[in-house]
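Computed from the coordinates by the stated procedures, all read-outs in this text should not be read as laboratory data. Keep in mind that what you see is a predicted model, and the values were worked out from it rather than measured. Note that each Cβ is placed from the backbone with ideal geometry, even for glycine, and that neighbours are counted across all protein chains shown.
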């Protein structure tokens, strides 16, 4: 701890006389270490309620002595952080541009990489496995790259992993929106002048009779072919012609579940449509295409509430050919055990089951949903664990 608590006595006295969440901060601070837990009370034995991360200033409302910290504890909103590795910081300047939807640059391990604690200084143990590990790049220095939390690997052992180029971005819904409409989830499809044409009939059509339909584009639905299968419609008519129903996700308002109180925010995840729709009460406000669990890792159906939010976090698991290590997956919202809504920077297969059970979104959309859900993550925090007494947004997953 350096200069941040030199005014401990007077600052604490003023702060404690004010309402806990109503006053302005008495100052701003930032970490010296890569990350730090936030606790419910000024004690390491209290509940873990979130985390802070290096590089993001956070407001301080008061200081207080407590247990498990050699320096005073700082209240940083609805939680407390030990100030042993905290220094004073300037209040952040509001950015002119919105925060970018990807928090870091990413790279894939090209060959088994030795982990170093400083450039050229090995730990002696520990490797990152080639092709199975993705790292976030926080700094570069000559022949080295730094990865979170504070590890260095040789630059020659990684290849940049930019996100796939994608036109996917959700659509805002308002009182002027006409339902139902279609979001195209399949690529390389063409609208035909008639439904249910076989391959021979399609080949007999003139070149200008088939109209290419852009993936992820939005279209009004003009008709549904009456000859449907027992699983639902097989053909949908768009303004440019007929397309297979499997090529699109149909967006139309759905009834609010009884468990969701009137006026609450909720997210509908439709596994059949591979679609997510955000609602305020009974009103849909945003819709996008997603990827849910593959057949061997299906996304469970049910109703839950968001229980934790992380600006980014590591996701890893599996073994052998299914092993994966994904650094700083962005905009994570856990709602049931290990199941979460989050951004996916490693694929563009949205519209089809692709995940290990989570709800994958393009990072742009995941960022939108992260900002939409309640409660908001406290100012300056990296993650927030929501207790059962705090109202939060509902997640409704249906087949």
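One table, with the values for the structure above:
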{"item": "Sites residue 123 and residue 297 - FRET efficiency at Förster radius 30 Å, r taken between beta-carbons, to 0.05", "result": "0.35"}
{"item": "The chain: angle of helix 363-372 to the longest principal axis, Cα-based, in degrees nearest 10", "result": "70 degrees"}
{"item": "Label zone at residue 262, where the point sits 7 Å out along the Cα-to-Cβ direction: the range 268-308 residues whose backbone N lies under 17 Å", "result": "280-284"}
{"item": "Shape category assigned to the range 339-387 from the gyration tensor of Cα positions, a/c cut at 1.5", "result": "prolate"}
{"item": "Chain lengthening between residue 112 and residue 41 when straightened (0.36 nm per residue, less Cα-Cα)", "result": "21.3 nm"}
{"item": "Least to most buried among 288, 390, 108 (fewest other Cβ within 10 Å first)", "result": "390, 108, 288"}
{"item": "Extension reserve of the residue 272-residue 374 stretch, reckoned as 0.36 nm per residue once the Cα distance is removed", "result": "34.1 nm"}
{"item": "The chain: relative contact order as a whole-number percent, Cα under 8 Å and 6+ apart", "result": "14 percent"}
{"item": "Sequence of 315, 128, 361 once ranked by neighbouring C-beta atoms within 10 Å, starting from the fewest", "result": "315, 128, 361"}
{"item": "Estimated [θ] at 222 nm from DSSP helical runs (n ≥ 4, -39500 (n - 2.57)) normalised by residues in the chain, nearest 500", "result": "-1500 deg cm²/dmol"}
{"item": "Within the chain, percent of DSSP bridges classed antiparallel, to nearest 5", "result": "90 percent"}
{"item": "Point-to-point label distance, residue 222-residue 197, nm (Cα→Cβ direction, 7 Å offset)", "result": "1.4 nm"}
{"item": "Exposure proxy order (Cβ contacts within 10 Å, fewest to most) of 345, 106", "result": "106, 345"}
